[in-house]
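A short write-up of the structure that comes next.
Each reported figure results from applying straightforward, stated rules to the coordinates on display, with no laboratory input. Worth saying up front: this structure is predicted, and the values here are computed from it rather than measured. Here Cβ is always computed from backbone atoms with ideal geometry, including for glycine, and neighbour counts include all displayed protein chains.
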Amino acid sequence: MPQSPSFSRASHIALLAILLARPLLALTPIDLMCGLLAKPGWVAVTDPAPQFSWRFKDGRPGDYQVAYQLQAATSTSFLRADAPDLWDSGKVFSPQSLFIPYEGKPLPTNATVCWRVRVWDRRNRASAWSQNVSFMTALELDGDKALRYPLELTSNKPVSVVKNEAGHAFVDFGKAAFGWVELIPQNNQPYIGPFALHIGEKANGRSVDAAPGGSIRYANVSGALTRPSVYRVPFTADARNTTGEAAALPPETGGIIMPFRYVEVEECPFPVTANAIRQVVAAYPFDNDAAAFASNHRALDRVYSFCKHSIKATTYAGLYVDSDRDRIPREVSAYINQLGHYALDREFTLARYSHEYLMANPTGPTEWQQHAVMMAWTDWMYTGNTQSLARCYADLKTGKMLLAHARPTDGLLVTGGPDAPLDSGIRDIVDWPATERDGFDFRPVNAVVNAFYCLNVRQMGDIAEALGNEADAQSFRKLYEIITAAYHRVFYNSVTGRYVDGQGSDHSSLHANMLPLAFGLVPESERERVANDVRSRGMACSPAGAQYLLEALFEAGMDDAAIQLLTSDGERSWMNMMREGSTISTAAWGQQFHPEQDWSSAGSAAPANIIPRYVLGVRPLTAGFGKALIRPQTSSLEVQGVVPTIRGPIEVGVRQKENVFYKLIIEIPVNMTARLELPPLPARNGELTLNGKRVPPVFENSRLTLDDIPSGKHTVLWQKK
């Protein structure tokens, strides 16, 4: 049996001396941001008083910032000399590490500005200066705007190249992505001659499927190579997604792009090997290592990875677009995309740009417009920044809230149903495609529209308060009390324990019940009945609708039912999307549910946010993650993961054995506190410890709760006595 290494007493003393001699960890500012730009050198800043933010690399448990000092200069030489020529804030006593406004001399235009920061910890010890970073200023500093980066272009080599039955080279890049194919002549090989390629998303054995169905992509491209240089294979534009309301692609794409995974080389002047062909991918900058998830359920891990890739791959337009079929931005898809992007990367610019684009270029259906308020509120909660709220507030209040359509008797909205003119702003849709509405019975006073309306009113109260508009905040809160009471009174059937689809209807769809359950509109006395009904319906909605079905089940504490849907291998599942051959979430559950669907819709990638937000349980309790909620809902699974936030990553791990022990291991970034909520556990028969010390059990809503947990690594353990 192997022996453990042995150490002499002298060795222990020497090691202890080394550890004691080490300086205590000081706070170290890293990942500096100008505005929301973590890569400020990539795009010019338009704000004459940009805001600065940072997070921390090191720090002792429970540490926090008590002061900061910012310096800005026209050259790093001024910073090295500790003589900044634009601004020196001096030591400012403040815990704020997000969005500190510039207060120096007027910034030069069309110039590079360098800056750095240092902080003091709770022991009033100064950190070293951060790295010097820089940002560009625009030709005109005319105010803060929603800015976005240029796309990044990356190259992928094939994961396999084989010869198929027709003698063609069959190339598989492993995953679909948006971009183009490049042919690369090799040294000492012929390069002049014709080529013929079949390119697409779907395979048929070891060939590219030339008739994949629906809007799944396929292209047959031929031409001639005449030079010994890298050759970009040209694609033909598709009028459906390159004209009309389709988003214009950023110039970095250099032309027409399409999603593809496979290339079948029918003809080429040189042999096609893994070095002779590549997939060039256009996507928004994305840190693949910012987030992670693993569990002891293989299907759940596969669904997470599948949806993570879906969020990244569909950023090719520099804007959240609904699908490749028409490349039109739509609010509901953009909202799901926003949540997924936040859960996977410390990146906020594309979501804000997409939100403000949609504020100026709205789509038609009632419920989609209502997502504008949800995007604004989510932007603020995840960043803590109010600049976009301030720009959009008037339009959110007077336009997106649809207050003109509220009836005076009880404040509920009266809308136009599915046949109202699209430009009326009150054409209801409930879900898409129409076959995914669970038989919804449209009525002028609609339970789905009014569920979103109740949520919007509550969120607008928060937004008004964040902007210092207390009168509006009070008005929205009073309205919320009125309409939530009316909602239950008008739509709830106490005999069946279900909400009906609309006033005057006797039909109760899944949608009319999952939304009030997800949004906290169901009185506590009726929650169990409504939740049981929602659980009994299964996945009777679209992939986009699944966002709210899963939220409803998790909010009702039905972790097992939610995880069962996440990991299902039935026809209505993410596993089915993969089984059909896609590597990006598809617009519908499968071709049989919508024959014209495509294979690239981030609005169908709800698990990208549901798994971090509910399975790992990480959500902001206060704007900008000053305080986080960590409420893992894992059923019987063991999980671990990393969730990025603007203040730094939160790490969560759960180990458990039913009725024996439950261990939660977390790490919280500096300048953040957390509220921990454990699943219902038999406290009378167990002992609860925090970092090895017994703590009295506190129950709230049947969950063991520990509040105001400081930064650092912590272990919570419940074990049976």
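Annotations for the structure displayed:
- A crude spin-label estimate for the pair Asp289 and Ser77, with each label 7 Å from Cα along the Cβ direction, gives 3.5 nm.
- Distant-in-sequence amide H partners of Glu152 (H built 1.01 Å from N, under 5 Å): Ala283, Tyr284
- Its Cα centre serving as origin, the range 152-283 has a Cβ charge dipole (Lys and Arg +1, Asp and Glu -1) of approximately 200 debye.
- Taking the chain and dividing mean pair separation by its residue count, relative contact order in percent (alpha carbons under 8 Å, at least six apart): 12 percent
- Taking the Cα centre of the range 29-136 as origin and assigning +1 to Lys and Arg Cβ atoms and -1 to Asp and Glu Cβ atoms, the resulting dipole is close to 340 debye.
- Charges were assigned to the Cβ only: +1 to each Lys and Arg, -1 to each Asp and Glu. The resulting dipole of the chain about its Cα centre is roughly 2480 debye.
- Computed [θ] at 222 nm, helices only, for the chain once each DSSP H run of length n ≥ 4 contributes -39500 (n - 2.57): -7500 deg cm²/dmol
- Spatially proximal aspartates and glutamates relative to Lys713 (Cα-Cα < 18 Å; intrachain offsets below 8 disregarded): Asp58, Asp63, Asp121, Glu651, Glu667, Glu677
- Relative contact order of the range 176-302, defined on C-alpha pairs under 8 angstrom at six or more residues apart (%): 41 percent
- Here's the picture: charge each Lys and Arg Cβ at +1 and each Asp and Glu Cβ at -1 in the chain, and of Ile216, Ile611, Leu479 the one pushed furthest to the positive end of that dipole is Ile611.
- Separation of alpha-carbon centers, the range 531-547 and the range 38-96, rounded to whole Å: 47 Å
- Scalar couplings 3J(HN,Hα) for the range 33-46, obtained by applying the Karplus form with A = 6.51, B = -1.76, C = 1.60 to θ = phi - 60°, are 10, 10, x, 9, 8, 7, 10, x, x, 8, 8, 6, 7, 9 Hz; x denotes Gly and Pro.
- Packing, as the average of other Cβ atoms within 10 Å across residues, places the peptides 468-480, 613-625, 327-339 in the order 327-339, 613-625, 468-480, highest first.
- Under the combined filter of DSSP loop state and at most 12 neighbouring Cβ atoms within 10 Å, the range 214-286 retains these GluC sites (Glu not before Pro): Glu245.
- Amide N proximity, the range 444-466 versus Glu700 label position 7 Å along Cα-to-Cβ, cut-off under 14 Å: none
- Considered as an equivalent ellipsoid built on the Cα gyration tensor, the range 184-296 has semi-axes of 27, 20, 18 Å, the largest given first.
- Taking amide H as placed 1.01 Å from N in the peptide plane, Thr583 has its amide H under 5 Å from the amide H of Ala176, each at least 5 places away in sequence or on another chain.
- Vicinal HN-Hα couplings computed from phi for the range 171-186 (Karplus, 6.51 cos²θ - 1.76 cosθ + 1.60; Hz; Gly/Pro x): 10, 10, 8, x, 9, 6, 7, 8, x, 8, 9, 10, 9, 10, x, 9
- Taking 26 Å as the limit for the C-alpha separation, the pairs Lys663/Lys721; Lys400/Lys478; Lys163/Lys312; Lys157/Lys308; Lys39/Lys145 exceed it in the case of Lys163/Lys312.
- Virtual paramagnetic centre 7 Å along Cα→Cβ of Arg537, amide N under 20 Å, in the range 321-345: 332-333, 336
- Built amide H within the under 5 Å cut-off of Gly384, gap 5+: Gly624
- Two-site FRET efficiency, Asp423 against Gln503, from Cβ-Cβ distance with R₀ of 22 Å, rounded to 0.05: 0.30
- For the listed peptides 112-120, 366-374, 691-699, a ranking on the average number of other beta carbons within 10 Å per residue, highest first, reads 366-374, 112-120, 691-699.
- Peptides 405-415, 661-671 ordered by packing proxy, namely the average of other Cβ atoms within 10 Å per residue, highest first: 661-671, 405-415.
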